[in-house]
Amino acid sequence: MTPIKSPHTFHIPVMGLSYTIDSPIRVAKYGISSVISIIDDDLIEKMNAFYSKKFNYPYHEITQKIHDYRAKRITSYLNLVDIIVKEKFGRFKTELSESKTSLEQYVAMLPTKSGIKQKLQDILDNGYSFKDQVVRFMEENLYPGEIDVNIMTKVDKDNFDKNEQLPIEFNDAHASLRGFANSTLSSSVVLSAGMNPRLYSYFENFDDFFPDAENHLKKKIIIKVSDYRSAMIQGNFLAKKGLWVSEYRIESGLNCGGHAFATEGFLLGPIMEEFKQKKGQLIQEAHVLMVKALKQKGMPVPDLPLALKITVQGGVGTSEEHEFLLNHYEADSVGWGSPFLLVPEATSLDDDTRALLANAKEDDFYTSNISPLGVPFNTVKGTTNDIWKQKRIDQNKAGSSCPKKFLALSKEFSNKGMCTASKKYQDIKLEELNQQKDSLTEVDFQKNREKITEKSCLCVGLANASLIENNLPIKGESQGVVICPGPNLAYFNQIITLSDMVKHIYGNANVLPVGYRPNMFLKELQMYVDYFKGQISAASAESPAVQLKKLQAFKCNLIDGITYYKKLLSETPFFEHTKNQIQSQLQYHNTILNTILIPEKVLA
């Protein structure tokens, strides 16, 4: 019997360091795929100990005294998650075969168009030999969700043994990749935050990323991108090494959680359209390069291109938007991230922060400068990290003790690297500022001081929630919790069950409150217009010509995007009830953009 395609058309992307650290353990049995961040080996070791005890598996501590401890910690935890997911999935199948109520509840979570749902419903409706029919069908068609992992490629600093720099393979991201490669998982690594040639080249060291004689990839590569050109460059780079990108995970540049990497004014709709139109070209170019590389390596060569998925995420919040992305752009899956922060069954988060998110309003969500990476970072007002950080600033003790040092990337004062959120770094910068105080106005002095001290310790702040939720000890100074939801979460206002959230995604329930929620494409456009205004306010006729030309191109790309959406709305059967409202807002933003003037030098 040919297996029916997996029913779920959504996935849960990585969130922070801890928010999806154990999501596969929570949701994979339902066939829901999710992504674990594997950069923080300290958190991973704590979760390994916690879940080993919870599920009665032997735990062997991996201390920092053990050679290659970072990679070994990651491998050990991923192997444990693999075992637990398989065990829970097996028990779940038994439950479905023995309980009609459980089967009915599971079927209710599936999308209406799912072949699996239709077949299971048929079994329920027609009174077949219940257990035998269900068992046989499940064995042939049901699989647990993927246990994917995420590596933020920029988190790849050099590491040292005392004062001796370790080889490249002991860099943070390199060690994380090795930890995944050596695990028992047959899943994917999601690479985010841009291209890292050294890390990408390191993939060649692991056979699991190359196709076998049956054209099967035990471990796959997913790249998170914000435009087609980036996908082509990164995919071809890997293809030249005989490596295949199995999925491009397209994310809105601004309407997303965590770090916000703005495009050059390219909006999500036009970006998805380009992927739709050029997917065949993307596949064929990479296939040719991959075949050449594999032949040179003397490895098995696939006759036909391997499968390539195009998925999308960033700001989706209704079943209509979900279906539109699947149907119009032919996306293989849609990522639902931030709304799952309100689902305790799916994500790891302390009660106080979850309540903060449920009660937060639109104005509470904002793009901040708190990230030591120097990249805009989406967050929400009122986090416990904000409170503790401000308390240290008020006591003239600004900065973190920097216990983990994953973001110790600045070489300004040390070749070992320092984190701009660390007390050590901020003390130096504040002293420099104090020496300039007499030459600055009070306003400029305070502005520069805030610019130094606003950075947050993400390594600790993004990991603490899991420790708090599971009553695990937190060592060191109090950092509280940093949370990084996308602005779309402003329109969700309650704690939600997993069943209700999944039903909401598929249009079988509604968890949104009554009231205005902008269409996801409009929300992104609004954010880009606001971002553009900020860029313009910081520019002048004295700005470099190349910068002004980029601003002109940015504006043109936004206007082209608006034109695209206007045409799209006139052709699609989706968004019928809000079409006039969307068109009106598109025209409004178009008018605003046309009133914004670029400094004259760009026209010279």
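The values are calculated or read from the model by the stated rules, or taken from the named source; none is laboratory data. The shown structure was predicted, so the numbers you read here are calculated from the model rather than taken from an experiment. We place every Cβ from the backbone using ideal geometry, glycine too, and count neighbours over all the protein chains shown. Just the protein is used for accessible areas: all its heavy atoms, side chains included, with ligands, DNA and RNA removed. Shrake-Rupley method; radii C 1.70, N 1.55, O 1.52, S 1.80 Å.
Taking every DSSP bridge with both residues inside the stretch 309-422, close to 55 percent are antiparallel. Based on the alpha-carbon gyration tensor of the stretch 456-604 and its eigenvalue square roots a ≥ b ≥ c, which shape applies: rounded if a/c is under 1.5, prolate if not and a/b is larger than b/c, or oblate? Since a/c reaches 1.5 but b/c is at least a/b, the shape of the stretch 456-604 is classed as oblate. Of the whole protein surface, S584 contributes about 70 Å² of accessible area at a 1.4 Å probe radius. Considering only V529, F575, P403, the residue lying farthest towards the positive end of the dipole of the chain is P403, judged by Cα position with unit charges set on Cβ. In a fully extended conformation the segment linking E571 and D363 would gain 71.5 nm over its present Cα-Cα distance, using 0.36 nm per residue. All C-alpha pair distances within the chain, sorted into 10 Å bins from zero, spread as 3, 15, 25, 28, 19, 7, 2, 0, 0 percent across the bins. Using only C-alpha positions, report the orientation-averaged shadow area of the convex hull of the stretch 323-451, nm², one decimal. Seen from a random direction, the Cα hull of the stretch 323-451 projects 12.3 nm² on average. Summed over the residues of the stretch 35-145 and divided among them, the accessible surface reaches 49 Å² per residue at a probe radius of 1.4 Å. Computed over protein heavy atoms with a 1.4 Å probe, the accessible surface of the stretch 520-587 works out to 52 Å² per residue.
Placing R0 at 56 angstrom, the Cβ-Cβ distance between R229 and R136 gives a FRET efficiency of 0.70 after rounding to 0.05. Please report the spacing between the Cα centers of the stretch 494-514 and the stretch 88-108 in Å, no decimals. If you average the Cα positions of each part, the centres end up 21 Å apart.
Were the residues from N510 through Y57 laid out at 0.36 nm apart, the gain over their Cα-Cα distance would be 159.1 nm. DSSP beta bridges confined to the stretch 80-231 are antiparallel in about 20 percent of cases. Surface composition of the chain: carbon and sulfur make up 51 percent of the accessible area, probe 1.4 Å.
Treating r as the C-beta distance of Q296 and D161 and R0 as 35 Å, the FRET efficiency rounds to 0.45.
Counting only lysines at least 8 places from K93 when in the same chain, those with an alpha carbon closer than 16 Å to its own are K29, K117, K119, K131. Any lysines with Cα under 18 Å of the K389 Cα? List them, leaving off those in the same chain fewer than 8 positions away. Straight-line reach from K389, under 18 Å: K381, K397, K404, K405, K423, K424, K429, K447, K451, K455, K475.
One chain, two ends: Q494 and K391. Fully extended at 0.36 nm per residue, the span grows by 34.1 nm beyond their Cα-Cα distance. The distance between label points at D352 and S401 comes to 1.9 nm (points 7 Å beyond Cα on the Cα→Cβ vector). Report relative contact order for the stretch 1-103 in percent, whole number only (criteria: Cα-Cα under 8 Å, sequence separation at least 6). Relative contact order, the stretch 1-103: 23 percent. Helical content of the chain, expressed as a calculated mean residue ellipticity at 222 nm, amounts to -14500 deg cm²/dmol (DSSP H runs of 4 or more residues, -39,500 (n - 2.57) each, divided by residue number, nearest 500). Beta bridges per DSSP, both residues in the chain: antiparallel share near 25 percent.
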